[in-house]
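Read through the structure below, which is laid out as structure tokens, and then see the notes.
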Amino acid sequence: MPTSLRSLLYISRLAAGYSSTEVGRIVKQAREMNAIHGITGVLVFDGDWFAQYVEGAPEAMALLEAHLRADPRHSDFTVVDAGLSGPERRFPGWVMGYADSDLGSSGLDIPSLAQTQPCVALERFAGAIRTLDIF
């Protein structure tokens, strides 16, 4: 295990031409690839927008970010927070935790994360995760 991890919190939209049924394929593919590359994290989808926090070895995270940027299923890809995050994982039990639903009860407004200071956005995201049914 690396002595320090790189983390990434980003938001994006489900690209035009893709239905919400595509999200299941995204989650399945992410779980498979994350397990291979030692990446953990959680993805939230509100029916239009994604918010995802992932962490892993810096090399694996650089490849993942490049893949996400090139994935035609994502549009408006915006990095909210990224950098070295230390040796402890924030979500160690999830190769790719996932939640979708009406996020109103969690207080998470995904597009607003990009308009917020990175550390505040990360805390809002982490707080919302504690209230969601993650699988």
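The values are calculated or read from the model by the stated rules, or taken from the named source; none is laboratory data. Owing to the predicted nature of the structure, the values given are computational and were not obtained by experimental measurement. Counting neighbours? That spans all protein chains shown, and the Cβs are built from the backbone with ideal geometry, glycine included. Accessible surface is based on the protein model in full, side chains and every heavy atom, while ligands, DNA and RNA are left aside. Shrake-Rupley method; radii C 1.70, N 1.55, O 1.52, S 1.80 Å.
Taking all protein chains together and rolling a 1.4 Å probe, Leu63 ends up with roughly 120 Å² accessible.
Surface composition of the chain: carbon plus sulfur atoms hold 54% of the accessible area, using a 1.4 angstrom probe and ignoring ligands, DNA and RNA. Solvent-accessible area per residue in the chain equals 50 Å², computed with a 1.4 angstrom probe and all protein chains kept. Restricting the GluC sites (Glu not before Pro) of the stretch 21-89 to loop positions (DSSP other than H, G, I, E, B) with no more than 13 neighbouring Cβ atoms within 10 Å leaves Glu88. Rg over Rh for the chain works out to 0.92, using Cα positions for both radii and the Kirkwood form for Rh. Applying a DSSP loop filter and a limit of 16 other Cβ atoms within 10 Å to the chymotrypsin sites (Phe, Trp or Tyr not before Pro) in the stretch 1-87 leaves Tyr18.
Placing +1 on each Lys and Arg Cβ and -1 on each Asp and Glu Cβ, with no other charges, gives the chain a dipole about its Cα centre of roughly 240 debye.
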